[in-house]
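The values are calculated or read from the model by the stated rules, or taken from the named source; none is laboratory data. None of the values given here were measured: they were computed from a predicted structure. Backbone-built Cβ (ideal geometry, glycine too); neighbour counts: all protein chains shown. These area figures cover heavy atoms from the full protein model, side chains too; ligands, DNA and RNA do not enter into them. Shrake-Rupley method; radii C 1.70, N 1.55, O 1.52, S 1.80 Å.
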Amino acid sequence: MLKTGTVAAILAFCSVSAAAAASWGTATGGSSYETAIASDYHSTLSYAHSTEAAGASATVSAASAASTGAASTSTAAPATPTGLSKVQQILLSDTRVDAVNNVLTSDSDFVFDFQKARKFGPGKGGEIVLANRKAFPALTGTGISMAVGFLGPCGFNTPHTHNRATELLVVTKGKIVSEMVIENGVNDESGAPRDIINTIEELQATPYFMGALHTQFNPTCENVTFIAPLSDEDPGASVMLQNYLALQDETIAAAAGNHIDGADIDKFRGLVSTSVALGVEQCLKTCNITKRK
Ligand SMILES: *[C@@H]1O[C@H](CO)[C@@H](O)[C@H](O)[C@H]1NC(C)=O
Ligand SMILES: *[C@@H]1O[C@H](CO)[C@@H](O)[C@H](O)[C@H]1NC(C)=O
């Protein structure tokens, strides 16, 4: 099992390397971040325009060209190519108006159901459901996304970073113990990397800076829910343990999931602070949950 010294090395290394781990393919543990973004959606839209629609579009184009003083070539917006994802179609649209009119044609395109997107995987301490632009194409071009976290009794979301986003987590049910290690040079009095630990109660919030290592633990015997907006429509997630171990020993990496039961704490001892590890132990006792060996 990894020792605290090793953990310090992992922390130092990961803060340096987080930006390089931008590939989705890096995560192999079936993380919910990955499964959430892989949510199915199909492009079933047709982009053939009726004559009136094309005419109306041309009028709008001319009007907006005139109002902005742009060169006045008042052609209708080209039909969006088919066979592309909604995100791709939106990115190829000349204007936001074209994107909405051609791609986001149903009112339901503007709704994402976090409850329906849950997977309820077996043996998990919880799950994180992510509405990024792939899962929720209406976000394309907005620069934001949102995660909703569900943590079971004593469950915790193992240490990870977001490659492209700052997160602002709000607890909406229960409470969590939050940890964040920001970057090299943010140290405590002893000169060691500073671990910012807080208990975040219902309707309290905490930010996680882009690239900062962070983790959440549910210290209660009840389910916890939190909501976490992210400052990029494609925030990315890099789970420290699994990505670090992938560098050296893929067999060990396979044992490390993103969300684990408190019952598995022995496997992860040393990878969270002593206070959280003890908190998990105490929580398991209080909640009468048996540790897995
Ligand atoms: C806690 O959440 C799980 C699903 O993750 C659910 O099966 C269970 O009923 C919930 N417990 C309570 C008390 O709400
Ligand atoms: C755990 O077990 C003890 C003793 O059996 C019991 O008093 C207590 O209520 C249980 N706690 C929970 C959360 O079920």
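Suppose the filter is buried (at least 17 other Cβ atoms within 10 Å of the Cβ), of a type in the set (A, V, I, L, M) and more than 16 Å from ligand 2 (Cβ to nearest atom); does VAL100 pass it?
Values: buried (at least 17 other Cβ atoms within 10 Å of the Cβ): no; of a type in the set (A, V, I, L, M): yes; more than 16 Å from ligand 2 (Cβ to nearest atom): yes.
No, not satisfied.
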| said: Would you confirm, using the coordinates I've provided, whether GLN204 is out of contact with any helix residue (DSSP H, G or I) (no Cβ under 6 Å at 6 or more places or on another chain), modelled with pLDDT of 70 or more and more than 30 Å from THR142 (Cα to Cα)? | reply: no
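Select from segment 131-152 the residues that are polar (S, T, N, Q) and out of contact with any Phe, Trp or Tyr (no Cβ under 8 Å at 6 or more places or on another chain) and write down the one among them that is farthest from GLU167 (Cα to Cα).
Pass one, segment 131-152, residues polar (S, T, N, Q): 132, 140, 142, 145.
Imposing the further condition that a residue be out of contact with any Phe, Trp or Tyr (no Cβ under 8 Å at 6 or more places or on another chain) reduces the set to 132, 140, 142.
Numbers: ASN132: 13, THR140: 18, THR142: 15 Å.
Going through the qualifying residues, I end up with THR140.
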| request: Scan segment 143-155 and give yes if some residue there is out of contact with any strand residue (DSSP E or B) (no Cβ under 8 Å at 6 or more places or on another chain) and modelled with pLDDT of 95 or more, otherwise no. | output: yes
| Here is a list of conditions, (1) assigned to a loop (DSSP other than H, G, I, E, B); (2) at pLDDT 90 or above, and GLN89 meets all of them except one; can you say which number that is? | (1)
| query | Just for segment 131-150: of the residues that are small (Gly, Ala, Ser) and open to solvent by 10 Å² or more (accessible area, probe 1.4 Å), which one is nearest to ASP232 (Cα to Cα)? | reply | GLY143
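If I go through segment 180-207 residue by residue, how many of them are hydroxyl-bearing (Ser, Thr, Tyr) and touching a Leu at 6+ places or on another chain (Cβ under 7 Å)? Please lay out each step first, then the result.
We begin by selecting, within segment 180-207, every residue hydroxyl-bearing (Ser, Thr, Tyr); these are 190, 199, 206.
Narrowing further to those that are touching a Leu at 6+ places or on another chain (Cβ under 7 Å): 206.
Total satisfying the criteria: 1.
Among the candidates THR166, THR140, single out the residue that is more than 23 Å from ALA212 (Cα to Cα) and modelled with pLDDT of 95 or more.
Numbers: THR166 fails: more than 23 Å from ALA212 (Cα to Cα).
After applying the criteria, what remains is THR140.
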| Residue in segment 209-224 that is farthest from ligand 1 (Cβ to nearest atom), counting only those that are assigned to a strand (DSSP E or B) and aliphatic (A, V, I, L, M) | LEU213
| Within segment 108-137, considering residues that are over 25 Å from THR215 (Cα atoms) and without any contact (Cβ under 8 Å) to a residue 24 or more places away in the chain, the one nearest to ligand 2 (Cβ to nearest atom) | VAL111
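In segment 173-196, what residues are surrounded by 13 or more Cβ atoms within 10 Å (Cβ to Cβ) and part of a strand (DSSP E or B)? If you could, list the steps in order and put the result at the bottom.
Our first condition is that a residue be surrounded by 13 or more Cβ atoms within 10 Å (Cβ to Cβ); within segment 173-196, this holds for 173-183, 186, 193-196.
Passing the criteria: LYS173, ILE176, VAL177, SER178, GLU179, MET180, VAL181, PRO193, ILE196.
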| If you scan segment 151-163, which residues turn out to be open to solvent by 10 Å² or more (accessible area, probe 1.4 Å), within 21 Å of ASP195 (Cα to Cα) and in a loop (DSSP other than H, G, I, E, B)? | ASN163
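Condition check ((1) open to solvent by 10 Å² or more (accessible area, probe 1.4 Å); (2) out of contact with any Lys or Arg (no Cβ under 7 Å at 6 or more places or on another chain); (3) on the phi > 0 side of the Ramachandran plot; (4) among the charged types (D, E, K, R)) across all residues:
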position	(1), (2), (3), (4)
GLU222	yes, yes, no, yes
PHE226	no, yes, no, no
LEU230	no, yes, no, no
ASP234	yes, no, no, yes
